[in-house]
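Enquirer: This is the structure I have questions about; it appears just below.
The values are calculated or read from the model by the stated rules, or taken from the named source; none is laboratory data. Given the structure is predicted, the values throughout are model-derived calculations rather than measurements. Ideal geometry is used to build each Cβ from the backbone, glycine not excepted, and the neighbour counts take in all protein chains shown.
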Amino acid sequence: MILICDHRGEGLEEALSPPLAEVDLDWEVSRSMRRTREALSERTPDVIVLDPLSSGGQVELEEIGRLRGDEEAVPILLVIDGANPIPGLEAARSQDDTTWDIVHRGAATEEFLVRIERLLNQGDALEEVDDLRYRASHDDRTELLRPRVFQARLAEHFSAAGRHDLDLALVIVDLDRFGSINKDFDHTVGDLVISRVGDVIKHSLRAEDIGARLGGDEFAVLLPYTDQVDTARVVARLCASIAGLSGHIGRGEREVVVSASIGFETYDGSDLDSVETLRQHAEIALRHAKRAGGNAGMYYRCLL
């Protein structure tokens with residue numbers, strides 16, 4: 001059951017009810033925090049869609065958490081203001097023990113449905129998760145997204161950033177001298193390095209971030225709502241964490257030196273003409289980082 005908390009009363013119920021009926025999902029509507037309290041006391045929904053009346057939704061999220069008590073967290077899709085997303089992002093990030101996602105008020109109905117379905121799967125509300133679909137979209141060794149799926153998500157976020165004038169950053173990571181690791185040790189060690197780099201990337205992601213393995217020893221991270229300053233901080237942490245993997249890997253006695261070159265580019269919703277340009281700029285910055293000796297990040301705008 002999907003609990004639609006239309007606390008603002010600006011048409012969320014009318015937008016979601018018909019498509020939810022078409023995909024055979026049960027739903028209930030609450031138009032106030034009082035009714036939400038009653039609904040949660042009567043039954044536990046599989047996903048809550050919250051369009052909050054309070055700024056960012058912090059008050060309502062805290063009340064929902066209080067009502068839940070020690071029970072298992074219910075996944076929440078928080079509707080945020082595209083013109084001022086920061087309060088909503090901060091409120092969502094405060095939900096440490098809750099699976100959550102965000103969607104901009106006024107987004108297409110299809111986007112709401114995609115995010116609801118994703119939360120249903122993440123929250124284990126569906127009895128059967130489509131394992132074949134998961135394996136088709138995720139890399140076997142790292143469980144990061146595969147290139148084709150990542151490119152689709154990149155295009156979606158680029159389009160959304162352009163519509164709502166939001167920040168977006170693309171980071172591309174390539175391991176330094178990875179071919180030498182496979183040559184000097186063996187492919188077992190190389191596979192372990194790839195797996196551990198994948199873990200570093202996964203553990204560095206916020207709920208809204210997206211990580212991918214583009215192929216071989218190349219990775220990508222998409223950072224929605226992130227400007228160049230915050231992206232630089234993420235890149236610095238990634239560089240340090242990947243370099244921190246150096247040491248004894250596998251059963252060999254020799255130490256393996258691991259590091260990465262990283263290139264990144266940002267988009268403020270209007271300063272790039274296409275998603276292809278965003279990716280091209282990040283790749284150019286990556287090549288400059290490699291030529292500079294590796295184990296460093298490079299921002300495309302700093303090359304101009």
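Enquirer: State all residues of the stretch 1-21 that are outside any loop (DSSP other than H, G, I, E, B) and in contact with a helix residue (DSSP H, G or I) (Cβ under 9 Å, 6 or more places away or on another chain); if no residue qualifies, say none.
Expert: Selection gives Ile2, Leu3, Ile4, Cys5, Asp6, Leu12, Ala15, Leu16, Pro18, Pro19, Leu20.
Enquirer: Can you confirm whether the stretch 215-224 contains a residue that is at pLDDT below 95, of a type in the set (A, V, I, L, M, F, W, C), assigned by TED's automatic domain parsing to the domain that holds Arg163 and not in a helix (DSSP H, G or I)?
Expert: There is no residue in the stretch 215-224 that is at pLDDT below 95, of a type in the set (A, V, I, L, M, F, W, C), assigned by TED's automatic domain parsing to the domain that holds Arg163 and not in a helix (DSSP H, G or I).
Enquirer: Is it fair to say Thr44 is modelled with pLDDT of 85 or more and either part of a strand (DSSP E or B) or not assigned by TED's automatic domain parsing to the domain that holds His157 (or both)?
Expert: In short, yes.
Enquirer: So, one more: Considering only residues of the stretch 157-182 that are outside any helix (DSSP H, G or I) and closer than 17 Å to Arg105 by Cβ, which is nearest to the chain's Cα centre (by Cα)?
Expert: Residue satisfying both the conditions and the ranking: Leu166.
Enquirer: Looking at the structure I just gave you, is Ala15 surrounded by 14 or more Cβ atoms within 10 Å (Cβ to Cβ) and among the small types (Gly, Ala, Ser)?
Expert: yes
Enquirer: Suppose we filter the stretch 22-41 for residues that are of a type in the set (D, E, K, R), assigned to a helix (DSSP H, G or I) and modelled with pLDDT of 85 or more; how many remain?
Expert: Result for the stretch 22-41: 4.
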